[in-house]
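Working notes for the structure below.
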Amino acid sequence: LTGRVEVEMLAFELDPGASRTYTGATVDRFAKKYGLSLAGAQERIDGISEMGRAAGLDFRYAETRYTNTFDAHRLTKLAQEKGDAELTDRLQERLYKAYFTDSLELADHEVLLQIALEEGLDEQEVKALLEKAGYSLSHSSKEDVAVEYCIMTGNYNLIEINQVLFRLDLQPLGY
C-alpha cells in the first residue's frame, strides 16, 4: 500500500484521569477497571500481549507502568510540526517501545526529554513544551471544546469567549 495510503497518527488521550505517577501493577488496574478477578485480568493481559507478539512486537503489557500519556502526545505533536515524517515515526515508535517494552513512565518529563533528544528534537524546544501548556486543548474537557470552537470560528475575543463559557455554565478563562 506504500504510495497509495497515507497514515497519520492522531493523539488520543484514552484516560485523561490517569495518574502522573505509577500507582500499581497492570493486573490490579485491569481487575479493578473491568470488574475481573486477578486471574481473569491476567488472562486478558496475556491475550493482549500475545496479539502484540504475533504482530512481531516485543510487547510486555503486563509490565507496563501505567501513567498519564498526555505529555507524550504533546511531544508527538511537536515532532509532527517539524514536517519530517521520519522524525515523527521514529519518535512514535520510540514512545511505544518505552511504554510497552521498556516499561518506562510516559508521564515522566525526564524520560520524555531523553527520548526526544535521542530522536533528534531540540532540547530547548522540548523543555519549553513540557514546562508550558502547548497543544493542550483536550476533547475530554468541555471548557477546552468550547474554547476550541471559538478559536476555530475565528473568535479570539476573551470577553466573548468567557460569555460562551458562562452560558454553558463553565469556568471562564482567567478566573
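State the extension gain, in nm to one decimal, for the chain segment bounded by Thr21 and Ile159, taking 0.36 nm per residue of separation less the distance between their alpha-carbons. Before the final figure, lay out the partial values.
Working: separation 138, 0.36 × 138 = 49.68 nm, distance 3.67 nm.
Difference between extended and current length: 46.0 nm.
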Rounded to the nearest 10 degrees, the helix 142-152 long axis (Cα) sits at an angle to the longest Cα principal axis of the chain of 60
Expected field for Met152, accessible surface area in Å² at 1.4 Å probe radius, rounded to 10, holds 150
Largest fluctuation, Gly154, Gly17, Gly40 only, Gaussian network model of the chain with Cα springs under 10 angstrom, belongs to Gly154
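Which whole-number percentage describes the relative contact order of segment 37-151, with Cα contacts under 8 Å and a sequence gap of 6 or more? Could the numbers behind the result be given before it?
Working: 101 pairs, mean separation 26.3, N = 115.
Here the relative contact order equals 23 percent.
Considering only protein heavy atoms, with the full assembly of protein chains and a 1.4 angstrom probe, order Val145, Val111 by accessible area, largest first.
Values: Val145 65, Val111 25 Å².
Sorted descending by solvent-accessible area, the residues read Val145, Val111.
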Of the accessible area of the chain, computed with a 1.4 Å probe and all protein chains kept, carbon and sulfur make up a percent value of 54
In whole angstrom, the spacing between the Cα centers of segment 141-160 and segment 83-99 equals 31
Largest fluctuation, Ala79, Ala146, Ala107 only, Gaussian network model of the chain with Cα springs under 10 angstrom, belongs to Ala146
The helix 38-54 Cα axis meets the longest alpha-carbon principal axis of the chain at an angle in degrees, between 0 and 90 and rounded to 10, of 90
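Taking all pairs of different Cα atoms in segment 76-158, averaging 1/r and flipping that mean, what Kirkwood radius in angstroms comes out?
One decimal place: 14.4 Å for the Kirkwood radius.
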Heavy-atom accessible area per residue of the chain, all protein chains kept, 1.4 Å probe, expressed in Å², is 66
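Mind jotting down a quarter of the surface of the convex hull over the alpha carbons of the chain, in square nanometres, one decimal?
Details: hull surface 53.6 nm².
About 13.4 nm², averaged over all directions.
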So Glu123 and Ala55, fully extended at 0.36 nm per residue minus their Cα-Cα distance, gain in nm 21.1 nm
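The values are calculated or read from the model by the stated rules, or taken from the named source; none is laboratory data. Values in this document were obtained by computation on a predicted structure and should not be read as measured data. The accessibility values were calculated without ligands, DNA or RNA, using every heavy atom of the protein model including side chains. Shrake-Rupley method; radii C 1.70, N 1.55, O 1.52, S 1.80 Å.
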